[in-house]
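The values are calculated or read from the model by the stated rules, or taken from the named source; none is laboratory data. Note that the structure is a prediction, hence the values are computed from the model and not measured. Neighbour counts are summed over all protein chains in view; Cβ atoms, including those assigned to glycine, are modelled from backbone coordinates with ideal geometry. The accessibility values were calculated without ligands, DNA or RNA, using every heavy atom of the protein model including side chains. Shrake-Rupley method; radii C 1.70, N 1.55, O 1.52, S 1.80 Å.
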Amino acid sequence: MMIDWSNHEEGEGGTTIQGRSGFYSNKRRRRFSSICSITMARKMLIDGEAELGKGGEEGASFDFDLFVIGAGSGGVRAARFSSNYGAKKVGICELPFHPISSETVGGVGGTCVIRGCVPKKILVYGASFGGDLEDARNYGWELSEKVDFNWKKLLQKKTDEINRLNGIYKRLLSNAGVKLFEGEGKIVGPNEVEVTQLDGTKLSYSAKHILIATGSRAQRPNIPGQELGITSDEALSLEEFPKRAIILGGGYIAVEFASIWRGMGSTVNLVFRKELPLRGFDDEMRAVVARNLEGRGINLHPRTNLTQLVKTEDGIKVITDHGEELIADVVLFATGRAPNSKRLNLEAVGVELDNTRAIKVDEFSRTNIPSIWAVGDVTNRMNLTPVALMEASCFAKTVFGGQPSKPDYRDIPCAVFSIPPLSVVGLSEEEAIEQTNGDVLVFTSTFNPMKNTISGRQEKTVMKLLVDAETDKVLGASMCGPDAPEIIQGIAVALKTGATKAHFDSTVGLHPSAAEEFVTMRSVTRRVTGSAKPKTNL
């Protein structure tokens, strides 16, 4: 997603966004791995802690063993774990707290906690009650025809929760002995950082190791009137509930906000450039999500882009590249995120960036400057909160724990918190066909959830397993339907351990549940080869 926008240090997680607007495939992960410095990685593994733990000049004295710039999920995890592994002096800096980020405000907890997966998931819960109330009538609940929704009340509850979490993150740092600085950090040398405090005072510190964990920021398209639109930051803090919303984008954030606002009663138009939303996911599951969005009353505009926004007395007029005109109270740009690296002074120090301004790192999250490291969205590897946590944990183990550790990007589950949600782990059908030498067995199950048999809601759950025909290994699993993320998290453990279809078949189902379908799919839906074009049954 979220987008993970997911999983924070305390409490329940969400997806996925921290997100980029697309899903990062295994193919892209391999491309990333292939450009890492193999020579450096081998040398590090041979030399172990003696090589990886080196940062500054031997024998030099530093103010900090580690200084982290950015106190989001990855930065906080790295600082805490490094301290626990024995780093004697750890510092971290973060911009002052504000729900809407900019170059001068941010907050401890970062995107996920303050303006990402956590507040998003709260709004998803709030929106889900809209459909639940409709379904409740056939379960005997006598409800009035008009049920009021109080957006400002939910918004205040959301704000209270992110303020609480912001405080928790600060206490986590304090309890770990990490020194927190509030202000803007930048690098002025291989072992020197500068923090500009709120009053403009500049503080300089030396550090044996510097870790950059500044995340990413939402982007706006370069079209006339773009200043009339908003990003996901503002969408989570709107003063007034939008009765008419237009969303540009087809990724995590776009699909999730379409579900949120529609679930709360808004008229929603979702505009995206491809034939289906969620580019990069399994095509069959993308079609399921699109059908569900339409079934919930969201107006889809595929193969469409926006060319102009104009302010009118009736609202914001949007003009598409097909010449269509739409009117909305809010226009949300969910068109991707970019690494937050502009104000770090990286070029002056010599840290290498790619063409998106993402920081280039090796397999251990180390930059071309031996004392400078980077984790999370700012490296643009796989932009999910749990992945940033993994990268941060590996960094701490490598540098301060004496355990050289590379992040493992295989079989990472993710979720799109649409209503109902989509969740996947492993390969999509398209990826499996591309990457497997032999045949791929596709197992699918489409059914009406038990809850819907009474409520009368016409919305199918779809599950899918991809199996290597030669080895019987399960290559991927996906599900679109209620509780999909909770179920796929368990399936992810199975894939991580190398489970086969025989393992699934020999597992006794938990009845009655939707999850049991994953262990009762006996008949092959289709068998495809590496050179065949995948077909869907939708």
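Listing for the model above:
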item: Estimated inter-spin distance, N305 and T104, nm [label 7 Å along Cα→Cβ]; result: 3.4
item: Rounded percent of accessible protein surface that carbon and sulfur make up, the chain, 1.4 Å probe; result: 49
item: Sum of side-chain charges, G295 neighbourhood, beta-carbon under 11 Å (Lys, Arg +1; Asp, Glu -1); result: +3
item: Which listed pairs, of K120/K496; K120/K317; K342/K397; K179/K208; K186/K406, have C-alpha distances above 18 Å, in listed order; result: K120/K496; K120/K317; K342/K397; K186/K406
item: Approximate spin-label separation V519-K179, in nm, with each point projected 7 Å along Cα-to-Cβ; result: 5.4
item: Gain on full stretching of the segment that runs from N222 to E134 - 0.36 nm per residue minus C-alpha separation; result: 27.6 nm
item: Restraint check, K121/K274; K121/K451; K153/K274, Cα-Cα greater than 30 Å; result: K153/K274
item: Unit charges at the beta carbon, dipole of segment 105-184: most positive-side option, G116, F149, G167; result: G167
item: Segment 411-452: relative contact order as a whole-number percent, Cα under 8 Å and 6+ apart; result: 24
item: Å² per residue, accessible surface of the chain at 1.4 Å; result: 43
item: Relative contact order %, segment 79-138, counting alpha carbon pairs below 8 Å whose residues are six or more apart; result: 17
item: Pairwise label distance in nanometres, R526 with T201, each label 7 Å out on the Cα-Cβ vector; result: 6.7
item: Length-normalised contact order for segment 275-330 - Cα pairs under 8 Å, 6+ apart - percent; result: 21
item: Solvent-accessible surface ranking, highest first, for E182, E459 at 1.4 angstrom; result: E182, E459
item: Label zone at N150, where the point sits 7 Å out along the Cα-to-Cβ direction: segment 230-255 residues whose backbone N lies under 16 Å; result: 240-241
item: Debye, to nearest 20: dipole size of segment 273-368, +1 on Lys, Arg Cβ, -1 on Asp, Glu Cβ; result: 240
item: Answer label, with semi-axes √(5λ) of the Cα gyration tensor in Å calculated from the coordinates and candidates [x] 44, 25, 18; [y] 39, 30, 21; [z] 53, 33, 20; result: [y]
item: Spin-label proximity, T453 to segment 498-520 - amide N less than 15 Å from point 7 Å beyond Cα toward beta carbon; result: 511-517
item: Debye, to nearest 20: dipole size of segment 368-512, +1 on Lys, Arg Cβ, -1 on Asp, Glu Cβ; result: 420
